[in-house]
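In what follows, a single structure is set out as structure tokens and then discussed.
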Amino acid sequence: MQGLDDLHEHARQGREAAIALLDVDHFKNVNDRYGHAAGDTVLKTVAQTIRETIRSSDSVARIGGEEFLLLFPGLRPHEAQQVCERINVRLAKLPWPDLAPDLRITSSIGVARVRADRSPNDTLHHADQAMYAAKRAGRHSVQMAQCAYVT
């Protein structure tokens, strides 16, 4: 993935970088209860909300189903975590009057530091593990990868 490779080059130059994996909680229930057209609307709105919350130098990409990869060049992991917390709050507050007034969208997010001595796949793995930790913690949360601050 080119953007992730670029972030690793960023880290090799001694600059900070972080990534996050975001998974929309219980998305299958949205499709099952409200239909796939509603699910598409939810995904587009989630993507737009992420774009409105991150900096112009950050990136977001949908990487499958209801998962998004966020790239944060120049941010330390705890700074990326703060951005992700804001995303989570904004998503939970979104109104869905045309879809379902009772619908509430939340996400589970895992954040990992991009390190020069770790491959892009390893970085993704650490972010994925942190995302699953967020799910195990009850969802609608942001978790840091265990090794985010190890140098």
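The values are calculated or read from the model by the stated rules, or taken from the named source; none is laboratory data. Just so we're clear, the structure is a prediction, and the values are computed from it rather than from any experiment. FYI the Cβ positions are ideal-geometry reconstructions off the backbone, even for glycines, and counts take in every protein chain you see. Side chains included, ligands, DNA and RNA excluded: accessible areas come from the protein's heavy atoms. Shrake-Rupley method; radii C 1.70, N 1.55, O 1.52, S 1.80 Å.
Return the residues of the range 63-75 that are open to solvent by 50 Å² or more (accessible area, probe 1.4 Å) and modelled with pLDDT of 95 or more; say none if nothing qualifies. Of everything in the range 63-75, just one residue is open to solvent by 50 Å² or more (accessible area, probe 1.4 Å) and modelled with pLDDT of 95 or more, namely GLU66. When residues in the range 70-126 are screened for being among the aromatic types (Phe, Trp, Tyr) and touching a helix residue (DSSP H, G or I) at 6+ places or on another chain (Cβ under 7 Å), 1 of them pass.
Checking each residue in the range 54-90 for being under 14 Å from LEU4 (Cβ atoms) and hydroxyl-bearing (Ser, Thr, Tyr) picks out only SER59.
One residue stands out in the range 78-96 among those that are open to solvent by less than 50 Å² (accessible area, probe 1.4 Å) and either out of contact with any strand residue (DSSP E or B) (no Cβ under 9 Å at 6 or more places or on another chain) or modelled with pLDDT under 95 (or both): the one that is farthest from ASN121 (Cα to Cα), namely TRP96. Scan the range 97-141 for residues that are over 28 Å from ALA11 (Cβ atoms), in contact (Cβ under 8 Å) with a residue 24 or more places away in the chain and more than 17 Å from the chain's Cα centre (by Cα) and report the count. Here the count works out to 3. In the range 24-35, is there at least one residue being closer than 17 Å to ARG139 by Cβ and β-branched (Val, Ile, Thr)? Among the residues of the range 24-35, at least one is closer than 17 Å to ARG139 by Cβ and β-branched (Val, Ile, Thr), which makes the answer yes. Check the range 20-36 and report whether any residue there is under 14 Å from the mean Cα position of the chain (by Cα), loosely packed, with under 15 Cβ neighbours inside 10 Å, in a helix (DSSP H, G or I) and among the charged types (D, E, K, R). No; the residues of the range 20-36 include none that is under 14 Å from the mean Cα position of the chain (by Cα), loosely packed, with under 15 Cβ neighbours inside 10 Å, in a helix (DSSP H, G or I) and among the charged types (D, E, K, R).
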